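Report on one structure; see the data block that follows.
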Amino acid sequence: MAGNRSVGSKAAPRNRSRNGGSGGSGSSGRGGGKSPGGWRRWLKRLLVWGGALALLGAIVLGTAVYFAASNLPSFSQLKDIKAGQTIVLRARDGSEIVSMGPSYGEWLGSEEIPQVMKDAMVSVEDRRFYSHFGIDPLGLARALWVSWRDDERARATSTITQQLARNVFLNSNRTVDRKAREAVLAMALEWKFSKEQILELYLNKVYFGGGAYGIDSASRNFFSHSARDLSLGEAAIIAGLVKAPSRYSPTADVQAAVGRANVVIAQMKKYGAISADEADVDVSAVKLAPQQAQNSVRYFTDWVLPQLDLLLPETSEPLEVWTTLDVGMQKAATDAIRANTPKGAQGALVSMDRDGAVLALVGGTDYVATNYNRATNAVRQPGSAWKLFVYLAALEAGYTPDDRVVDEPVTIDGWSPRNSGGTFAGEIDVRSAFAYSKNTVAAQLGNEVGFGTVAAMARRFGITTPINTNPSMVLGTSDVRLIDMTRAFAAVSARGRSVEPYGISKVTSVDGQVLYQHQETRSTQLVPDYVAAGITDLLQSAVSVGTGRAAQIGRPVAGKTGTTSSNKDGWFLGFSSGVTTGVWMGRDDAKAVGGLSGGAAPARAFSSFMKVAVKDRPVENFDTDLKLPEWQLEPDDEFMFGDPGDYYYVDEKGNLIEPSGPQEPRGMPFPPEGGDPQAQRGAGLIPASPGPPAASQDFLERATGGRGQPSGTGRPSGPGGGAQQAP
């Protein structure tokens, strides 16, 4: 026992020594971890080095702020700095139609700005404005704490001074570098200027939406009076705009603007800027400035302005853009669309001069309600208006308006088109088939010349959207844009020569220096003269006695109606006296519109507009005299007579064949070898270079998204293959 006790007593100190040295948990009163001297040394080092780094950072920051403040412009210079580029757009007569870019009201000194406006802005944007030094450490710390607590991205904590620095000197990129520079500039502004000066600069420069910079511009825009006379409710609405000008604009969403203004008033009450009695104000009773219900010229400007990026090198100097828009025609176009578009539907109109100058462009019934441009951006099925390309291909392949065709039931690879009236006329001429928009005849012609040939003709005339080559394509099942279809009809009006739409004639600086001048583009012959004359004959008949009678204006008019299945889209496109106009109507959600057809509302809108558009132009009769090429007039063994340089064609593989000779076509193409013109109607003839050649079948399969089939062997592709189209 004694031996055991002796051993135990000697072992105990060794155990304690090992426990103490190893830092084990043990039961020692000192607990675990390092000795007090160890962690105190580390804490001292942390404080020393942290303090040194903080001091060094402060010196660096102070130096940066000092140099930034030394290089800041003076107060008067900052007043003169304006954001953005001013662009004035002028009509073809030189009158100003719209001024784009920043709008500045009268500069208000600090003593002229209502105190209620200052209090509203400080309460909602930067409640510690008068106590911080450009950045708000408390606000930043709180934002970081909320971000950590809620596990979400930290919200913006920019002070009024930081916002001013960003608006004047920087951009809105959310990068660490930009935020650091913003903080330095904000502290520099606080170093150099007083709080009142900073607030004056901010309130006169901050953006409030709608192109309005500064409270005076915003007040005049929204309330039609100077900012000197702002009430509490008006000041709250303006202060609420800074967070999201487009979302809280009273002209865009009154309820959202009122709701945000009530938040501003609650903040003002919370921080003691106003009393409880003053806070009991009905913001919804604030009288807003009347807004123009319709400003359709913006559809046109939205189309032409992006073109400046292609026409000019990058510049920030003020510009004057001289456009092709005719103010009188634009008003007539707006009135025609608004007066004739069915209730619940939308309408669009494009009108071009004979050289492609866009005279009027309306993209919807009301720009304020919806700025989506249906004239240039929307893609819709054209219905029977697409038959323009079917008959162009047929005329080029050898048909004439007087040729006989048969309106009878027909089935092409399982697809059986029917006429809108459900009846068949039997044997009629091509002219009547087109005028009354016979679907069965269009299907037969398309099958005979080849659906790929019809697609190639559409490409040739400027259709840029994908084209399918199913049999039903002859009835307009491929989506198109109104401006492209109008361009195609303008090319027919130009006797088969290409037309390039344009809206800018020149661009000048404010001192008159010409920076860009529109040059007339080289026009190419798209189809021979006799084809242009033949299709004009057909188009004139469609208006005189056919489906487009409602488009008559008391002088020669050529045009075509188009109506898609279930009356989802209505079209009328035509020309007279050198002016070509296209009209589309329908719903944005592509639902049916009761009673909508191309020969009704769209044709009436066309007529209403064109009576104004051509009233000062001389009456022009159409050239419909068919000067047919020899291969259509002479016996088969004589059709090759003539200068071989006058001819060109596409062989069965889609290769362009151009015999040596003059390069300019003379409107006399001939078919491939074979002799009988009737057997050559599917040849797919195209104009010579530099005009766009008709595409081969392989190209169409790749580029148009359709399933190109050889003539007479087309197959419907997908459920849309059996679509039926009305005239």
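The values are calculated or read from the model by the stated rules, or taken from the named source; none is laboratory data. Predicted model only: the values in this text are computed from it and were never measured. When we count neighbours, we look across all protein chains shown, and the Cβ atoms used for this are built from the backbone with ideal geometry, even at glycine. When the accessible area is computed, the model is the full protein with side chains, heavy atoms only, and any ligands, DNA or RNA have been set aside. Shrake-Rupley method; radii C 1.70, N 1.55, O 1.52, S 1.80 Å.
Give me a count of the residues in the stretch 494-523 that are open to solvent by less than 60 Å² (accessible area, probe 1.4 Å), under 21 Å from Thr301 (Cβ atoms) and touching a Gly at 6+ places or on another chain (Cβ under 7 Å). The total comes to 2. Has the stretch 140-158 got any residue that is outside any helix (DSSP H, G or I), within 24 Å of Met268 (Cα to Cα), open to solvent by less than 50 Å² (accessible area, probe 1.4 Å) and modelled with pLDDT of 75 or more? Scanning the stretch 140-158, I find at least one residue that is outside any helix (DSSP H, G or I), within 24 Å of Met268 (Cα to Cα), open to solvent by less than 50 Å² (accessible area, probe 1.4 Å) and modelled with pLDDT of 75 or more, so the answer is yes.
The condition (being on the phi < 0 side of the Ramachandran plot, buried (at least 24 other Cβ atoms within 10 Å of the Cβ), hydrophobic (A, V, I, L, M, F, W, C) and in a helix (DSSP H, G or I)) is satisfied by just one residue among Val531, Val527: Val531. Among the residues making up the stretch 302-314, those that are more than 18 Å from Asn371 (Cα to Cα) and free of Cβ contacts under 8 Å to residues at least 40 places away in the same chain are Asp309, Leu310, Pro313, Glu314.
Restricting attention to the stretch 422-443, the residues that are more than 18 Å from Ser541 (Cβ to Cβ) and among the small types (Gly, Ala, Ser) total 3.
The conditions of being more than 22 Å from the chain's Cα centre (by Cα), open to solvent by 70 Å² or more (accessible area, probe 1.4 Å) and among the hydroxyl-bearing types (Ser, Thr, Tyr) are not met by Tyr248. Residues of the stretch 410-435 that are outside any strand (DSSP E or B) and among the aliphatic types (A, V, I, L, M): Val410, Ala425, Val430, Ala433, Ala435. Every residue in the stretch 175-193 that is modelled with pLDDT of 80 or more and in a helix (DSSP H, G or I), please. Hits for the stretch 175-193 are Ala183, Val184, Leu185, Ala186, Met187, Ala188, Leu189, Glu190, Trp191, Lys192. Taking the stretch 374-404 as the range and being part of a helix (DSSP H, G or I) and among the aliphatic types (A, V, I, L, M) as the test, the residues that pass are Ala385, Leu388, Val390, Leu392, Ala393, Ala394, Leu395, Ala397. Would it be correct to say that Ala550 is surrounded by 24 or more Cβ atoms within 10 Å (Cβ to Cβ) and out of contact with any strand residue (DSSP E or B) (no Cβ under 6 Å at 6 or more places or on another chain)? Against the criterion (surrounded by 24 or more Cβ atoms within 10 Å (Cβ to Cβ) and out of contact with any strand residue (DSSP E or B) (no Cβ under 6 Å at 6 or more places or on another chain)), Ala550 does not qualify.
Screening the candidates Arg460, Arg481 for the property of being in contact with a Pro (Cβ under 8 Å, 6 or more places away or on another chain) and of a type outside the set (A, V, I, L, M) yields one hit, Arg460.
The combined condition, being surrounded by fewer than 18 Cβ atoms within 10 Å (Cβ to Cβ) and under 30 Å from Leu445 (Cβ atoms), is not fulfilled by Arg380. Checking every residue in the stretch 269-282 against the condition of being touching a residue at least 12 places away in the same chain (Cβ under 8 Å), surrounded by fewer than 22 Cβ atoms within 10 Å (Cβ to Cβ) and under 40 Å from the mean Cα position of the chain (by Cα) gives at least one match.
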